[in-house]
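Working notes, structure below.
The values are calculated or read from the model by the stated rules, or taken from the named source; none is laboratory data. Bear in mind the structure is a predicted one, so any value in this text is a computation, not a measurement. When we count neighbours, we look across all protein chains shown, and the Cβ atoms used for this are built from the backbone with ideal geometry, even at glycine. Quick note on the areas: whole protein, heavy atoms, side chains included, nothing else; ligands and nucleic acids left out. Shrake-Rupley method; radii C 1.70, N 1.55, O 1.52, S 1.80 Å.
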Amino acid sequence: MASNAGAPARERRPSTSAPLSDLKGPIGPAFTRPKHKRTVTGFGPSEIKSVEASIPEPQREAWRKYTPKPFTTPEEFGNEAVRHVETTLARSLYNCDETAAYGGTALAFRDRLVLDWNKTQQNQTFADQKRIYYLSLEFLMGRALDNAMLNVGQKETATKGLSNLGFRIEDIISQEHDAALGNGGLGRLAACFLDSMASLNYPAWGYGLRYRYGIFKQEIIDGYQVEVPDYWLDFNPWEFQRHDITVDIQFYGQVNRWQDDEGKQQCSWEGGEIVQAVAFDVPIPGYATSTCNNLRLWGSKAATGEFDFQKFNSGEYESSVADQQRAETISAVLYPNDNLERGKELRLKQQYFWCAASLNDIVRRFKKTGRSWKEFPNQIAIQLNDTHPTLAIPELQRILVDIEGLEWDDAWSIVQKTFGYTNHTVLPEALEKWSVPLMQHLLPRHLQIIYDINLNFLQFVERNFPKDRDLLGRVSIIEESTPKMVRMAYLALIGSHKVNGVAELHSDLIRTTIFKDFVKIYGPDKFTNVTNGITPRRWLHQANPRLSELIASKLDGFGYLKDLTLLHKLEAFVDDKEFRKEFREIKYANKVKLAKLIKDTTGDTVNPASLFDIQVKRMHEYKRQQLNIFGVIHRYLKIKSMSDEEKKKLVPRVSVFGGKAAPGYWMAKTVIHLINQVGKVVNHDKDVGDLLKVIFLEDYNVSKAEIICPASDISEHISTAGTEASGTSNMKFCLNGGLIIGTCDGANIEITREVGEDNIFLFGNLAEDVEDLRHGHLYSHYQLDPDLANVFDTIQSGTFGDAGSFSALVNGIVEHGDYYLVSDDFASYIKTQEVIDEAYKNVEEWTTKMILTVSRMGFFSSDRCIDEYAESIWNVEPLVPKDEAA
Ligand SMILES: Cc1ncc(COP(=O)(O)O)c(C=O)c1O
């Protein structure tokens with residue numbers, strides 16, 4: 001048996017407040033329940049059953065009687081909400097403002113969820129079947145209350161109850177802070193997946209970090225982005241701190257190696273620093289089911305106690321809390337970078353802290369079932385959302401070999417069968433690498449394990465491809481640079497049994513570019529595609545209730561929210577006059593709502609009858625907001641040169657932008673500044689009037705997206721071909737009857753296949769041509785598009801303020817190779833925008849396009865994704881609550 005000295009896993013014993021799945025004692029002496037004294041020290045499935053059986057019937061009956069019943073009427077809901085306002089929040093009628101009413105409402109719903117949550121966790125423990133663990137460093141959850149109301153089917157009840165108390169439900173919902181624990185698509189995908197896994201009754205847990213500050217709040221001051229902290233935890237009724245579920249996590253230190261009496265190599269990781277991980281649990285309710293899964297977020301705390309009393313007593317007040325502060329820093333901030341890897345030590349610490357705590361938790365739960373290690377992959381599927389959790393691979397290997405004493409090869413076989421890895425990008429700057437010296441310093445034992453994994457892998461490659469010496473260098477986990485680097489994507493790939501991309505084009509690209517050599521080594525079957533999806537509950541039913549109602553009225557109810565493919569039946573109503581009229585009215589009403597948000601936040605008035613053209617997403621050069629704003633300037637110049645007669649024929653347009661730039665991403669911030677400067681000029685130009693408005697909506701987040709997505713006529717998904725892995729907002733806009741202007745990139749391609757080429761506006765160069773075009777820019781004479789040159793002249797003339805502010809943006813295209821092919825795609829972009837202007841004038845045709853688009857979006861449900869993952873990667877079955885089984 002290997003020594004476990006220095007093992008970071010010094011867990012505390014769970015007690016009553018843990019969910020039942022955690023209340024399973026260690027494998028060991030059988031649990032005997034002392035008469036009349038109930039001590040809850042932890043149970044396995046059989047122990048829970050025997051304890052329950054041993055409780056006398058009268059006590060069981062009393063328990064059942066006293067168990068709170070979920071509210072079902074406005075009065076019962078009102079009772080619960082007021083009780084919480086009075087007793088939990090200590091407020092009363094005279095000082096119950098909207099914030100307090102939100103608190104009471106949220107707590108009433110939380111109580112409801114907890115009853116389902118406890119039951120679900122108990123059922124999953126009893127069933128003892130394979131579970132999914134979804135490891136994601138980001139969960140962009142947004143608000144929880146509206147989602148909880150709709151998923152448990154009690155929004156009407158709450159609406160009436162709140163109205164009796166004098167509150168409007170919309171006002172109450174809007175009191176909630178977004179849980180913005182993510183940057184963009186990757187984090188929101190994780191949130192949609194949690195919703196789908198619960199709705200489809202999969203036994204699944206999410207594991208993440210409980211950042212004290214989510215992504216920063218964005219303010220626009222004088223046209224510039226300013227970042228301010230997001231204090232989202234000020235009041236968060238949705239989490240439960242599990243004081244008793246803690247894991248000690250080790251960093252730094254050194255590794256001792258020796259041979260035991262049998263000559264076997266042993267290893268121990270000693271010394272260093274210990275930080276404590278504390279569990280915070282968030283209930284994840286499924287839609288129209290009582291399944292309520294768990295999201296466990298880890299917070300960090302000093303392992304040594306609150307602060308150093310010795311120092312405090314001797315007057316060193318500040319350093320007495322220093323340990324505490326240093327430890328808490330680990331879970332303090334979400335790194336605000338999207339598709340950029342920066343290699344900071346704190347980030348690596350975050351990754352290990354979260355992976356080690358989660359793995360410890362998963363292993364502990366598994367050990368309580370008493371199964372043999374061989375069965376680990378039959379009971380547990382762990383999905384890595386991008387490379388951020390890759391350290392879970394060497395961590396599991398370490399636990400199995402160093403602590404549990406398994407042979408290396410047996411352990412490695414378990415590891416590979418357990419993990420699946422989702423790749424989210426082929427952008428070189430986003431592929432994670434960690435320097436070997438940093439890893440050596442922070443995680444010395446893990447580095448050794450990574451080297452051993454690499455050695456075994458390279459020996460395997462050498463045996464199979466003896467003549468290809470270069471191959472070894474290309475596929476090695478260690479990059480032979482100065483300093484040497486650990487390539488996390490390779491480690492993730494080698495340690496997983498399946499690797500998937502997130503849209504067909506992207507999955508093809510990873511097979512033919514970054515992982516080409518690995519396809520040769522492992523064969524094609526290791527690689528698969530799962531095209532991303534979105535939850536229709538949040539992105540249609542919650543965000544666009546009127547459209548959801550209208551669809552339900554045509555499809556015999558809301559069943560389509562659980563089987564989105566039923567939407568195809570809407571096509572039968574495409575010629576139904578009443579339906580078409582109502583569809584248009586709903587779109588218009590959603591635009592009115594967005595116009596109000598614009599007015600409230602920017603002060604600008606926009607006409608809802610205009611064509612709403614929207615681009616909201618993280619600000620990044622590859623997403624090409626610069627192409628959009630250059631197009632807007634081109635439009636502005638055209639309007640300025642038009643006669644009054646020509647102007648009358650033009651469709652008025654509102655160009656809406658939104659999105660955050662990473663604080664250190666200067667070029668993305670320059671684009672935000674340019675958009676605001678253009679808006680300042682255009683929106684006040686009398687020659688233009690309503691024909692063009694340019695809006696930058698600050699602080700784009702999930703709750704704003706819920707207002708924005710239903711209000712678009714056109715949304716822009718215009719990344720340079722081959723750069724956007726999937727995109728998911730494209731699906732959200734289409735599901736709400738917005739059409740797309742887009743490149744042949746990411747999921748746009750599959751959206752086109754589903755909705756038909758007539759219902760999407762594609763433009764631009766194809767991914768296969770990008771490399772040649774880039775090469776051409778560098779080595780042959782570079783010809784700028786003439787319309788774009790005109791736009792640049794206008795910028796450089798100072799029309800939009802100091803031209804110097806934008807010179808790097810312009811020069812990046814004119815002089816430095818135009819890496820993102822803005823000029824190459826400009827003409828076709830402008831032409832396509834003109835096609836859109838014409839198409840929009842034909843109201844009837846446009847209506848047909850909208851309806852057909854919605855009715856053909858069935859494929860893009862995240863439920864479909866989860867079923868695909870479950871079948872082709874996880875091999876997990878749903879666990880339907882007994883009373884819901886068909
Ligand atoms: C707040 C937020 N940010 C980013 C995204 C991802 O957008 P995209 O797929 O356009 O990159 C979404 C998707 O809905 C979102 O809600």
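Miscellaneous remarks
- Normalising the average separation of contacting C-alpha pairs (under 8 angstrom, six or more residues apart) by the number of residues puts the relative contact order of the chain at 13 percent.
- Whole-Hz ³J(HN,Hα) from phi, Karplus 6.51 cos²θ - 1.76 cosθ + 1.60, for region 569-574, glycine and proline x: 5, 5, 4, 5, 9, 4
- Stretchable slack from GLU270 to ARG326, in nm (0.36 nm times residue separation minus alpha-carbon distance): 18.1 nm
- Amide H contacts of THR304 (H built 1.01 Å from N, in plane; Pro and chain starts excluded): no residue 5 or more places away or on another chain comes under 5 Å.
- Where labels lie 7 Å past Cα in the beta-carbon direction, separation of GLU75 and ARG474 in nm: 7.5 nm
- Calculated FRET efficiency for the pair GLU815/ASP690, C-beta based, R₀ 35 Å, to 0.05: 0.40
- 3J(HN,Hα) from dihedral phi, region 836-844, Karplus parametrisation 6.51/-1.76/1.60, rounded to Hz, x for glycine, proline: 5, 3, 5, 4, 5, 5, 8, 4, 5
- Equivalent ellipsoid dimensions for the chain as semi-axes, Å, which come from the Cα gyration tensor, largest first: 46, 36, 26
- When the Cα positions of LEU189, LEU297, GLY272 are compared along the charge dipole of region 173-323, LEU189 comes out farthest toward the positive end, with charges on each C-beta of Lys, Arg, Asp and Glu.
- Rounded, prolate or oblate (a/c below 1.5 giving rounded, otherwise prolate when a/b exceeds b/c) for region 665-771 by Cα gyration tensor: prolate
- Highest average packing first - 743-755, 636-648, 712-724, 405-417, Cβ atoms within 10 Å: 712-724, 743-755, 405-417, 636-648
- Region 751-840 shape via C-alpha gyration tensor axes, a/c threshold 1.5: oblate
- Note on LYS640 and GLU375: the extension gain reaches 88.3 nm, defined as 0.36 nm multiplied by sequence separation minus the Cα-Cα distance.
- Nonpolar atom fraction for the chain, defined as the carbon and sulfur part of the 1.4 Å probe accessible area, stands at 52 percent.
- Here each label is just a point 7 Å from Cα along the line to Cβ, and for LYS648 and GLU871 those points are 5.8 nm apart.
- Sparsely packed GluC sites (Glu not before Pro) within region 205-306, loop by DSSP, other Cβ within 10 Å at most 16: GLU262, GLU306
- Modelled FRET efficiency - R0 41 Å, ASN464 with ASP769, Cβ distances, 0.05 increments: 0.75
- Nearest-0.05 FRET efficiency for SER174 and LYS367, computed from C-beta distance (R0 45 Å): 0.50
- Cα Rg, Dmax, region 415-553, angstrom units: 19.6, 66
- Around ASN500: net Lys/Arg minus Asp/Glu count, Cβ-Cβ under 15 Å: -4
- Heavy-atom accessible area per residue - region 782-874, 1.4 Å, Å²: 38 Å²
- For the peptides 376-384, 599-607, the ranking by packing is 376-384, 599-607, with the highest mean count of neighbouring Cβ atoms within 10 Å listed first.
- Prolate/oblate/rounded call for region 235-305, Cα gyration tensor, a/c under 1.5 rounded: oblate
- Chain lengthening between ASP111 and GLU316 when straightened (0.36 nm per residue, less Cα-Cα): 69.4 nm
- Of the trypsin sites (Lys or Arg not before Pro) found in region 442-543, those in coil by DSSP whose Cβ has at most 14 other Cβ atoms within 10 Å are LYS467.
- Protection proxy ranking of 432-444, 656-668 - average other beta-carbon atoms within 10 Å, highest first: 656-668, 432-444
- Backbone N under 16 Å from the ALA827 label point (7 Å along Cα→Cβ), restricted to region 755-799: 763-766, 773, 777, 781-791
- Distance between the 7 Å Cα→Cβ label points at ALA808 and GLU345: 2.8 nm.
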